Amino acid sequence: MKRIFNNYILAAVLVGLMSATISCKKEETYNPKISVINSTNEDITSPSQGFPGDLIVVEGVELDQMRSIGFAAGTDTVNVVFNPVLNSSVAVMFDVPFDETKGSQLGTQQIVFTNVNGKVVSEPFEILQPEPVIRLFEPARPKAGESTIIEGLWFQNLQAVTFAGELADYMQLSSTQIQLNLPNDAKPAEVVVTTSMGSVSADLDVDIGYNVYLYNDFDGGGLYPTNDWRNNGDITDAVVFSSANGYDGNYAEFTWSGSTTNGWGNAEPNSGANPGITETDPAKVIFMFEVYCTSAAGTSMQIQIDDGGTVWAHDYTFSADELGKWVTVEMSTYDFGRGYDPSNQTRDMDLANISYIKVGINGWTGIVPSTVRIDNMRFHGYY
C-alpha cells in the first residue's frame with residue numbers, strides 16, 4: 001500500500017512539473033531588439049540601405065518567432081517573404097521587396113517586425129534607386145514622325161531623354177514606360193534615358209522607308225574594313241586614304257594625271273563582295289555617296305557597278321558651286337547604262353548579284369589632274 005501511495009505522489013509531482021512548464025511556455029514573451037541592418041550587396045557601404053532584390057541581414061536579439069516583416073511607406077505596407085529556417089534568435093534574412101502595385105516606394109521608410117506575441121519593432125531603411133534599364137522599344141521599328149514606348153525599369157526621378165544627341169519630345173507614362181515622339185526627319189539613332197541615378201542608352205531602329213546596304217565607309221564599316229583597293233588602266237596614282245577634311249572620318253581619293261595609254265581608268269576593291277540587296281526592282285534602289293572634287297568645274301567621274309556579268313555605268317559631272325566641298329550624290333540603279341555605257345539604259349541590273357563598285361574618272365574632259373574624294377558608298381532599297 002505504501003508503494004502505491006508513493007507512486008501516486010510521484011505522478012502528481014510529474015503532472016505539476018509539466019503544468020508549470022506549459023504555463024511558462026504560454027506566458028513566455030519575446031522582446032526583439034535590432035542592432036544593425038546590412039545589405040549583402042558589396043557596393044553598399046552604409047547600414048540600413050539596399051536596392052530592390054538585395055539580400056538583407058538583420059542582427060539583434062530575440063528575432064525568432066517572427067510572424068511578419070513589412071516595408072511601410074505612407075499608408076501601404078509591403079510584406080516580405082522570408083524562410084524561418086534561415087532565421088535565428090540573433091539574425092533574420094530576407095530580400096528587399098519592390099512591387100509598385102502593392103505600394104512599394106523608393107526612399108526612406110520603416111521596416112516593421114511583428115512577432116507571434118504581437119510585439120512590434122520598427123527600424124528606418126532606405127530603398128535605393130538602381131540605374132535605369134532599357135529593355136525594348138514598342139514598336140521596335142517606329143516610323144519617323146510617329147512614337148514608340150521605351151520599356152524598362154527604374155525611370156523614377158527622370159531627368160532627360162535624348163534622341164540622336166538632342167533633347168527629345170517625350171512623356172513619362174510610369175516608372176517603367178516612356179513615350180518617345182520622333183521627329184519627322186528621324187533616322188536610326190541612339191536613345192539615352194537619364195535619371196538622378198545615371199544614364200542608359202540603346203539604339204533605336206527607325207523605319208525610314210528603306211533599307212540601307214553599306215558598301216564601304218572607309219572607317220571599317222561595310223564590306224571592306226581594311227580599305228584594300230587598287231587602280232586600273234590610266235588611273236595610275238595610288239589610292240589615298242585620309243581623314244583630313246573628311247566628311248565623317250576616312251575617305252578614298254582618286255586622281256587621273258592625264259595618261260591616255262589605256263583609254264580608261266578606274267579603282268576598285270581587290271576582291272568582290274555582295275552587299276546583299278533583297279529588292280529586285282532597280283527603280284526602288286538608289287546608290288548614294290558623299291563626294292568632294294578638288295579639280296576644276298567640268299571634272300567628270302563615273303560610278304561602275306558590276307553585277308557579276310555586266311558592268312553598269314553612271315556619270316557625274318561637277319558644277320562650279322560643287323567644288324571644294326562635300327556633296328551627297330544619288331544615282332538610281334534604274335538609270336545606269338549597260339556595258340560601261342551610261343546611255344545604254346536597259347533597266348535590268350541584277351541587284352542580287354552585285355560584286356564590285358568601281359570609281360572611274362572620265363579623262364576626255366581634259367582637266368588634268370582630275371581628283372575626287374569619295375565616302376560612305378551605300379545603297380538605299382525603298383519599299
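The values are calculated or read from the model by the stated rules, or taken from the named source; none is laboratory data. For clarity, every value in this text was computed on a predicted model and none was experimentally measured. In this analysis, Cβ positions are derived from the backbone assuming ideal geometry, glycine residues included, and neighbour counts consider all displayed protein chains. To get the accessible areas, we keep the full protein, side chains included, count just its heavy atoms, and leave off ligands, DNA and RNA. Shrake-Rupley method; radii C 1.70, N 1.55, O 1.52, S 1.80 Å.
Summary table
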| item | result |
| --- | --- |
| Per residue, the convex hull volume that the Cα atoms of segment 296-383 enclose (Å³) | 108 Å³ |
| Proximal lysine pairs, the chain, alpha carbons under 17 Å, eight or more residues apart or interchain | 4 |
| Folded to 0 to 90 degrees: helix 2-27 orientation relative to the chain principal axis, Cα | 40 degrees |
| For the chain, calculated [θ]222 nm from helices alone, where every DSSP H run of n ≥ 4 adds -39500 (n - 2.57) | -2500 deg cm²/dmol |
| Mean shadow area of the chain over all directions, Cα convex hull, nm² | 32.3 nm² |
| Segment residue 184-residue 31, extension gain: residue separation times 0.36 nm, minus the distance between their alpha carbons | 48.5 nm |
| Orientation-averaged projected area, Cα convex hull of segment 145-254 (nm²) | 9.8 nm² |
| Descending principal axes extents, segment 195-289, alpha-carbon based, whole Å | 67, 37, 21 |
| Residue-normalised accessible area of the chain, given per residue in Å² at a 1.4 Å probe | 51 Å² |
| Potential extension, residue 310-residue 131 segment - 0.36 nm per residue separation minus Cα distance | 58.9 nm |
| Computed over segment 33-91, Cα set: Rg, Dmax in Å | 12.0, 31 |
| Total formal charge among the other residues, if their Cβ is under 11 angstrom from that of residue 312, Lys/Arg +1 and Asp/Glu -1 | -3 |
| Within-15-Å neighbourhood charge of residue 238 [Cβ basis; K, R +1; D, E -1] | -3 |
| Antiparallel bridges, percent of DSSP beta bridges restricted to the chain (to nearest 5) | 95 percent |
